[in-house]
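For reference, the structure discussed in these notes is given below.
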Amino acid sequence: MKSPLLSLPGAVPGEGVDEDVAAHYGDLFREQRALADGTGFVDLSHRGVLAVTGEDRLSWLHLLLTQHVSDLPPHQAAEALILSANGHIEHALYLVDDGETVWAHVEPGSQDALIAYLDSMRFFYRVEVTDRTDDTAVVHLPAGSIAEAPEGAVVRETPHGRDLFLPRADLESYATGQGPAAGLLAYEALRVEHHRPRLGFETDHRTIPHELGWIGTAVHLQKGCYRGQETVARVQNLGKPPRRLVFLHLDGSEVHLPPHGTELRLADDGPDGRKIGFVTTSVRHHELGPVALALVKRNVPLDARLLADSTAAAQEVIVEP
């Protein structure tokens, strides 16, 4: 579902799963600085939106999610995962309860599979799961923004800003009064700066929460059973994850950023050395320059210089080995 805000002056569409919103509006660093200063907004209207209603909505979700939500107060934001039986990450939900409905936004195009799974787990619980993507759009206001949310909008407030669930029909009129618009590349640059993982970018088919630092923020260690909990508990109590998320400072003399999936090797081993990880997200930051998130093997030395293809990279620890 292409965003109507792609018609704004200077809008350049994103790529891949983000192709239906603007990557930028002509000035990437200006847009980043605006967000960092707490002004402007980001169009996230391509993200899937679902609503869960019914008396049992919180207690039921509590059984399925990695987060403790049975007593979630109205208007308090939460982040949660759904894992496979082996503990691998399948879905990431960014949710809030407005007192009557749990609203959640998820990765573009992932809502159908997520809703199918949730519906299969309803049994006799008094809940209903509805796909609201067609009529509800998500807009992000950065941390520090003093912009007021429109009347009737559901607000999900976090330390990184506010996510607004708006009627999709109101998206254009909202944008008219809220400029300047910032593209998704600016939003992603701040996400990388703050070491926040994204499903499908920092994850692959075998990623477990410990590898990305999602323990505590999206995984509650003191709640009851959920699918995949055995893996979470075993790694937490008895072992270490096989990989760890790192922050990379990339060689600024390179013209091109290493794309998602670029193999990482130890610089001392050269470009023909063994693979020790891969780049997950790379961005150009308005202050830090070219930086990236990456997954590397846990035993990679913390002071090791890396190569992303031919680009030199220095690592900072996010997840302790």
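The values are calculated or read from the model by the stated rules, or taken from the named source; none is laboratory data. It should be emphasised that the depicted structure is a prediction, and the values quoted were computed from it without experimental measurement. All Cβ positions, glycine included, derive from the backbone under ideal geometry; neighbour counts span all protein chains shown. To get the accessible areas, we keep the full protein, side chains included, count just its heavy atoms, and leave off ligands, DNA and RNA. Shrake-Rupley method; radii C 1.70, N 1.55, O 1.52, S 1.80 Å.
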Once label points are set 7 Å from the Cα along Cα→Cβ at both residue 86 and residue 143, what is their separation, rounded to one decimal in nm?
3.6 nm
Find how much the distance from residue 225 to residue 56 grows on full extension, using 0.36 nm per residue of separation minus their present alpha carbon separation; answer in nm with one decimal.
59.1 nm
Net charge of neighbours whose Cβ lies under 9 Å from the Cβ of residue 315, counting Lys and Arg as +1 and Asp and Glu as -1
-1
Within the accessible area of the stretch 44-137, what % is carbon and sulfur when the probe is 1.4 Å and the other protein chains stay in place?
49 percent
On average, how much accessible surface per residue is there in the chain, in Å², for a 1.4 Å probe, leaving out ligands, DNA and RNA?
45 Å²
Simple Cβ-charge dipole of the stretch 100-258, Lys/Arg +1 and Asp/Glu -1, about Cα centre, in debye nearest 20
900 debye
What does the helix-only formula give at 222 nm for the chain: each DSSP H stretch with n ≥ 4 adding -39500 (n - 2.57), the total divided by the residues, and the result rounded to the nearest 500 deg cm²/dmol?
-5000 deg cm²/dmol
Restricting to Cα pairs below 8 Å that are 6+ residues apart, what does the relative contact order work out to for the chain? Please round to a whole percent.
19 percent
Test item: Cα-centred dipole of the stretch 170-305, Lys/Arg +1 and Asp/Glu -1 on Cβ, debye:
760 debye
13 Å beta-carbon shell around residue 91, net charge (K/R +1, D/E -1)
-1
Can you give the local net charge around residue 74? Use residues other than it whose beta-carbon is closer than 10 angstrom to its beta-carbon, Lys and Arg +1, Asp and Glu -1.
-3
Within the stretch 173-187, whose backbone N sits under 18 Å from a point 7 Å along Cα→Cβ of residue 1?
173-175
Taking the highest mean first, how do the peptides 50-63, 267-280 order by number of other beta carbon atoms within 10 angstrom per residue?
50-63, 267-280
How many angstrom separate the Cα center of the stretch 24-66 from the Cα center of the stretch 232-283?
27 Å
How much length would be gained if the chain were fully extended between residue 117 and residue 151, taking 0.36 nm per residue of separation minus their Cα-Cα distance, in nm to one decimal?
9.0 nm
How big is the convex hull of the Cα atoms of the stretch 170-321, per residue, in Å³?
153 Å³
